[in-house]
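The values are calculated or read from the model by the stated rules, or taken from the named source; none is laboratory data. It should be emphasised that the depicted structure is a prediction, and the values quoted were computed from it without experimental measurement. Cβ placement follows ideal geometry from the backbone for every residue including glycine, while neighbour counts extend to all protein chains displayed.
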Amino acid sequence: MATPKILRNATAENDLEQRADSEVAVVTERPWNVIVWNDPVTPMNVVVAVFKRVFGYSNNKCTHLMLTVHHEGRAVVWSGQRERAESYCVKLQVAGLQSSVERDA
Amino acid sequence: MPGKLFVRRRDGRVEVRLNDVGRAIVREVFAHVLAAERDPEHEWHLSLNPPINPSNDDDDPLSTLARQSETASNAELAVMTIQEQFLTDAEAWAWLCTLQVALRATAVVNGVLSDEKLESASPELLDDIRTLQQFLFDLSGCF
């Protein structure tokens with residue numbers, strides 16, 4: 001049986017609303033942060049080189065992040081999905097930086 | 001002022017300008033990292049395995065395995081290329097990672113976790129740390 005036009009429109013609107021709801025749910029999920037912690041021995045230019053290699057960030061961004069670590073004791077260097085955050089954290093630890101992941105507050 | 005210990009050449013390779021003493025130090029450091037990764041009783045072992053997600057009791061085994069594997073691979077590559085005068089980009093990166101892991105392990109094992117602790121470290125320890133920092137400073141300039 002053919003669906004009446006008005007009912008089809010209503011169904012399409014419901015679909016749109018459901019899709020919009022699920023998109024909102026994804027967007028508002030709290031991301032995972034990759035944190036790099038300060039330490040007293042690692043040379044500053046090593047930190048910049050590791051950030052460039054691991055994330056591919058610009059020299060300016062890497063320097064800014066390194067200075068944030070140095071002055072504030074820590075910096076969020078990447079945010080996003082948990083699996084990718086853990087993968088980046090491992091790469092940083094393999095390169096000898098003190099790093100961890102935490103859920104965004 | 002002494003010349004740089006590592007220089008990036010136009011062909012992309014990294015030239016190692018360490019003398020025999022420098023190479024002996026680096027060889028010992030690389031061997032320590034390799035041994036520490038394999039031996040849970042090694043004094044550096046714990047510092048090579050920090051928590052990834054401190055809010056969890058245990059980290060994801062796949063992540064810890066990946067870290068262990070990559071750290072060991074870097075150290076093995078560094079050991080294998082210890083006598084080379086020219087390093088490829090990947091080999092030079094393995095050297096940098098292994099030297100930095102060794103520097104961090106040296107600091108952690110000796111409780112050098114703050115600027116104050118670094119300033120009050122023994123002359124021998126300070127000498128070890130400064131030597132590794134000098135290697136790393138020059139090598140990181142190649143990246």
Residues of the stretch B:58-99 classified as more than 10 Å from chain A (Cβ to nearest Cβ), outside any helix (DSSP H, G or I) and either of a type in the set (Asp, Glu) or touching a strand residue (DSSP E or B) at 6+ places or on another chain (Cβ under 7 Å) (or both), total: 6
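Taking the stretch A:39-80 on its own, how many of its residues are among the acidic types (Asp, Glu) and either in contact with a Pro (Cβ under 8 Å, 6 or more places away or on another chain) or farther than 20 Å from B:Ile129 by Cα (or both)?
Count: 1.
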Considering (1) crowded, with 23+ Cβ neighbours inside 10 Å; (2) farther than 23 Å from A:Glu29 by Cβ; (3) of a type outside the set (A, V, I, L, M, F, W, C), say which one A:Ser99 fails and leave the rest. (2)
Please pick out the residue among B:Leu65, B:Leu48 that is more than 15 Å from the chain's Cα centre (by Cα) and aliphatic (A, V, I, L, M). B:Leu65
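On the basis of being over 25 Å from B:Ala92 (Cβ atoms) and among the small types (Gly, Ala, Ser), does B:Ser47 make the cut? Step through it out loud before you land on a result.
Numbers: over 25 Å from B:Ala92 (Cβ atoms): no; among the small types (Gly, Ala, Ser): yes.
Answer is no for this residue.
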Given the condition over 27 Å from A:Glu102 (Cα atoms), within 10 Å of chain A (Cβ to nearest Cβ) and surrounded by 14 or more Cβ atoms within 10 Å (Cβ to Cβ), answer yes or no: does some residue in the stretch B:33-41 qualify? yes
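Matching residues to (1) out of contact with any helix residue (DSSP H, G or I) (no Cβ under 9 Å at 6 or more places or on another chain); (2) of a type in the set (Ser, Thr, Tyr):
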site	(1), (2)
B:Arg27	no, no
B:Phe30	no, no
B:Asn49	no, no
B:Pro54	yes, no
B:Asp60	no, no
B:Ser63	no, yes
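Residue check: is B:Ser55 within 14 Å of another protein chain (Cβ to nearest Cβ), surrounded by 16 or more Cβ atoms within 10 Å (Cβ to Cβ) and either at pLDDT below 95 or not in a helix (DSSP H, G or I) (or both)?
Answer is no for this residue.
Rundown of residues vs (1) outside any helix (DSSP H, G or I); (2) under 17 Å from B:Pro54 (Cβ atoms); (3) at pLDDT 95 or above, yes/no style:
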| site | (1), (2), (3) |
| --- | --- |
| A:Asp21 | no, no, no |
| A:Val24 | no, no, no |
| A:Val50 | no, no, yes |
| A:Thr63 | no, no, yes |
| A:Met66 | no, no, yes |
| A:His71 | no, no, yes |
| A:Val76 | yes, yes, yes |
| A:Glu86 | no, yes, yes |
Out of the stretch A:71-105, which residues are of a type outside the set (Lys, Arg), free of Cβ contacts under 8 Å to residues at least 40 places away in the same chain, within 11 Å of chain B (Cβ to nearest Cβ) and under 28 Å from B:Asp138 (Cβ atoms)? A:Gly73, A:Val90, A:Gln93, A:Val94
Among the residues that make up the stretch B:16-31, is at least one of them within 22 Å of B:Phe143 (Cα to Cα), in a strand (DSSP E or B) and over 17 Å from the mean Cα position of the chain (by Cα)? no
Residues of the stretch B:114-143 satisfying the condition of being hydrophobic (A, V, I, L, M, F, W, C) and either facing chain A (nearest Cβ under 7 Å) or touching a residue at least 24 places away in the same chain (Cβ under 8 Å) (or both): B:Leu118, B:Ile129, B:Leu132, B:Phe135, B:Leu136, B:Phe137, B:Leu139, B:Cys142, B:Phe143
